[in-house]
Every structure is written in C-alpha cells, then in structure tokens.
Amino acid sequence: MTRRSRILCACATLALLLLSSAAADSADVVVLTEDNFDKEVGQDRGALVEFYAPWCGHCKKLAPEYEKLGESFKKAKSVLIGKVDCDEHKSVCSKYGVSGYPTIQWFPKGSLEPKKYEGARSAEALVEFVNNEGGTNVKIAAIPSSVVVLTPDNFDELVLDETKDALVEFYAPCPGSLGHGLINYSSFLLLSVMQTYEKVASAFKLEEDVIVANLDADQHKDLAEKYGVSGFPTLKFFPKGNKAGEDYDGGRDLDDFVNFINENCGTSRDAKGQLTDKAGIIETLDTLVKEFVTASSEEKKTVYGRMEEEVEKLKGSAARYGKIYLKASKSCLEKGADYANNEIQRLERMLKKTISAAKADDFTLKKNILSTFA
C-alpha cells in the first residue's frame, strides 16, 4: 500500500467515526428547542439563529465559525446567538420555512418575523452582520489554542519528560494531488479532529503533569518515522513510565479522550475541564482522616503526625493535595469539629460566583478534601 493510500484509508476510517457525531456544541451558543424558542427569541434582544442538521457537512464546516461568533457575543446582552437542531425540532424549523441546511436567520428585538442571512459563512462576516442589525460594536473574539505545538526543538523536553504524561497527535494534510473534492473532504476531516482535540487540550490545560500536543508529521518527517507513524492522524500516548510511546486506540469523541486521560494520568476532570468530586482525594490519606475524625484530641495529634509522614512521600500533584489535607487537619484541631462543614458551605458559595478557572480548581480541591473530614 502506498503512502497516499494509507492516508486515504486513515481519512476514510476517521470519517466514519466523525460523521456519527453531532456538530460540536459551544457553551456560548444557546441551544433552542420547541420548548424554549419563543421564550428566548423575539423578546428583549435581537437573535441570530442557525437552523442545522447534525449530519449536514456544511453545518459541520460552519460549526467552528459559529462558535467564534458565540464567543464574540457572549457578553453582549442585547444579542442572542442560538441554534436549532432540525432533526430534533422539526416543527420549529418548518414554522420558519427552513428547507436547507444550514439556514441562518436574524430575528429583530421583539419580533418573530425573521430576515434570512445570505452572506459568507465566516465568523468575521457574521459578526459584521449582527453588528449592523443589532446596533452593536463587537469585535471578533480570538480563541487561543491550548494544544501544545511540537517541533524537533521542544519534543524531547516536553514529551520525554519523565514527570509528565503526554498525548500526541501526529497529523498531516492529505495530498493535494488527490483532487479538489478529496482536498475539501480531507480539510473537513482535519478540521473536525482539530475541534475535538482543542476541547481535550482546553479541558486539561490546568493540569501541570499532562500535555496535550500535536506535531505536523509532513513538516517533521524524521520524528514521525522515529515513532513508527505511517498514517494520519496517529495518536500516541507517552506516559511517565513509557517514553517509547504507546498507540492510542480509543474512541475519538471528547468523552473518550477525557476518560482515557483521567484513567491513565490520575486526573479527575469532566469534558468542560471542571474538577469532579473525586479530584484531590488520596486513598492513604483518606484512611487516616477516618481515624482522625473519630480520635480523641490527643490521638488526633498522633494521627496528624502520621499524615505528615505520608505527605512527605507524595510527588507532583499529589504533594499539593497532601498539603491541603494537612492544612484541613490542622484547622480542625484548632477550630473544632464544625470547621469542615462551615468551610465547605463557604467554598460552595464562592464557587457559585464568577471566578477564574484556577480559583475554581483551588476551591473544588479544598471542598472535596474537606468533605472527608465532615
């Protein structure tokens, strides 16, 4: 099989995986349904609505541009950016004369009489249209990438670092000689992979011991060949204990990647990058906490000393969690049995406020660990 054939096979296989998935959702784009459409649209703000079908190739191609649009207008209170799945909510799409996908319509403030958008399907063109119709002056949002770009200069330093787990995508565009249709098809596939992979990287961007990276295997052929890469995209996992690299044979959906990293890297995050209620929990320290909470005042000091010994053995992220256990233990000794519950309630109030992702991580870790003392 020639190199070109291998690439085609890889692209075709990937297509089957990707085409079974719905278009990617963005938290900044409002999902409209038969139940909420009239409550959200035609009210006290203008609305741009995309009517789409999950299987539609043009809709998938539009998805990242529409996400940029949603990101750009997320703070504009006078404009709503929404979308309707016409496979699920046929009555809504039929009501507004939708017969092809994607159809984009503008609903002025206070009106359910739409104006069809006929412009280019780029974030820049859509932002300009919404600004003109909605009287806003929003600039296109630049969404920084969380994927680490690898080159021969930084590959060994990052991927072969024994203190880090690394997931690496080796990618290359399909050959230009395959014809216009296949070029577009390959570009669509590559874009779809990049969308999911970007979400994976974003979900784990605060994990110091985890690297989600990619390498242009066309540009850096020697590195790709060194690790036995012959088809694209190829994903390899370089855990702390095996820097020869292991083939990633899991699913290509966001949840598949998230579950894989959590299971293999000892992390506890969901697809949105938020820590789960298991984050920070260390089994050996958990056992000591159970002794601590039932012990007498004098016995508590002895258990605390044993905790200190266990924490000294921890490395990496676990060492950070161990310090939280010690601080919680010390506070319980000084402030009494009610400390843990009172502090958990305070942290829960803080987590409901608008705070940075790093702060949310800190508060969640403390809350999770304190819950073992409650």
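The values are calculated or read from the model by the stated rules, or taken from the named source; none is laboratory data. This one's a predicted model, so the numbers in the text were calculated from it and none came from an experiment. A quick note on method: Cβ atoms are made from the backbone with ideal geometry, for glycine too, and the neighbour counts reach across all protein chains shown. Please note that ligands, DNA and RNA were not included when accessible areas were found on the heavy atoms of the full protein model with its side chains. Shrake-Rupley method; radii C 1.70, N 1.55, O 1.52, S 1.80 Å.
Does the stretch 261-268 contain at least one residue that is touching a strand residue (DSSP E or B) at 6+ places or on another chain (Cβ under 9 Å), over 18 Å from Asn368 (Cβ atoms), open to solvent by 30 Å² or more (accessible area, probe 1.4 Å) and in a strand (DSSP E or B)?
Applying the first criterion (touching a strand residue (DSSP E or B) at 6+ places or on another chain (Cβ under 9 Å)) to the stretch 261-268 yields 261-262, 264-268.
Next cut, over 18 Å from Asn368 (Cβ atoms) only: 261, 264.
Among the residues that remain, those that are also open to solvent by 30 Å² or more (accessible area, probe 1.4 Å) are: 264.
Filter again for in a strand (DSSP E or B), leaving none.
No, there is no match, as no residue in the stretch 261-268 is touching a strand residue (DSSP E or B) at 6+ places or on another chain (Cβ under 9 Å), over 18 Å from Asn368 (Cβ atoms), open to solvent by 30 Å² or more (accessible area, probe 1.4 Å) and in a strand (DSSP E or B).
Residues in the stretch 284-322 that are among the aliphatic types (A, V, I, L, M), open to solvent by less than 40 Å² (accessible area, probe 1.4 Å), farther than 30 Å from Phe204 by Cβ and assigned to a helix (DSSP H, G or I): Val303 alone.
Quick check on Asp87: is it modelled with pLDDT of 95 or more, farther than 23 Å from Glu128 by Cβ, under 27 Å from the mean Cα position of the chain (by Cα) and surrounded by fewer than 17 Cβ atoms within 10 Å (Cβ to Cβ)? When the stated conditions are applied, Asp87 passes them.
Taken across the stretch 352-364, residues that are under 29 Å from Asp253 (Cα atoms), part of a loop (DSSP other than H, G, I, E, B) and touching a helix residue (DSSP H, G or I) at 6+ places or on another chain (Cβ under 9 Å) do occur, with at least one present. Among the criteria (1) over 30 Å from Gly305 (Cα atoms); (2) open to solvent by 70 Å² or more (accessible area, probe 1.4 Å); (3) part of a loop (DSSP other than H, G, I, E, B), the one Asp255 does not fulfil is (3). Among the residues of the stretch 95-128, those identified as touching a Phe, Trp or Tyr at 6+ places or on another chain (Cβ under 7 Å), more than 18 Å from Lys60 (Cα to Cα) and open to solvent by 30 Å² or more (accessible area, probe 1.4 Å) are Pro114, Lys115.
Every residue in the stretch 229-250 that is farther than 17 Å from Leu150 by Cα and open to solvent by 30 Å² or more (accessible area, probe 1.4 Å), please. Of everything in the stretch 229-250, those that are farther than 17 Å from Leu150 by Cα and open to solvent by 30 Å² or more (accessible area, probe 1.4 Å) turn out to be Ser230, Lys240, Gly241, Asn242, Glu246, Asp247, Asp249, Gly250. When Lys221 is tested against (1) at pLDDT below 90; (2) open to solvent by 50 Å² or more (accessible area, probe 1.4 Å), just one condition goes unmet, and that condition is (1).
Looking at the stretch 130-140, can you tell me whether even one residue there is under 24 Å from the mean Cα position of the chain (by Cα), farther than 26 Å from Val210 by Cβ, part of a loop (DSSP other than H, G, I, E, B) and modelled with pLDDT under 95?
yes
Just wondering, is there one or more residues in the stretch 181-190 that are in a helix (DSSP H, G or I), modelled with pLDDT under 95 and open to solvent by less than 30 Å² (accessible area, probe 1.4 Å)? Yes: the stretch 181-190 contains one or more residues that are in a helix (DSSP H, G or I), modelled with pLDDT under 95 and open to solvent by less than 30 Å² (accessible area, probe 1.4 Å).
Quick check on Ser5: is it open to solvent by 50 Å² or more (accessible area, probe 1.4 Å), more than 22 Å from the chain's Cα centre (by Cα) and either at pLDDT 95 or above or under 30 Å from Gly231 (Cβ atoms) (or both)?
Numbers: open to solvent by 50 Å² or more (accessible area, probe 1.4 Å): no; more than 22 Å from the chain's Cα centre (by Cα): yes; either at pLDDT 95 or above or under 30 Å from Gly231 (Cβ atoms) (or both): yes.
Criteria not met by Ser5.
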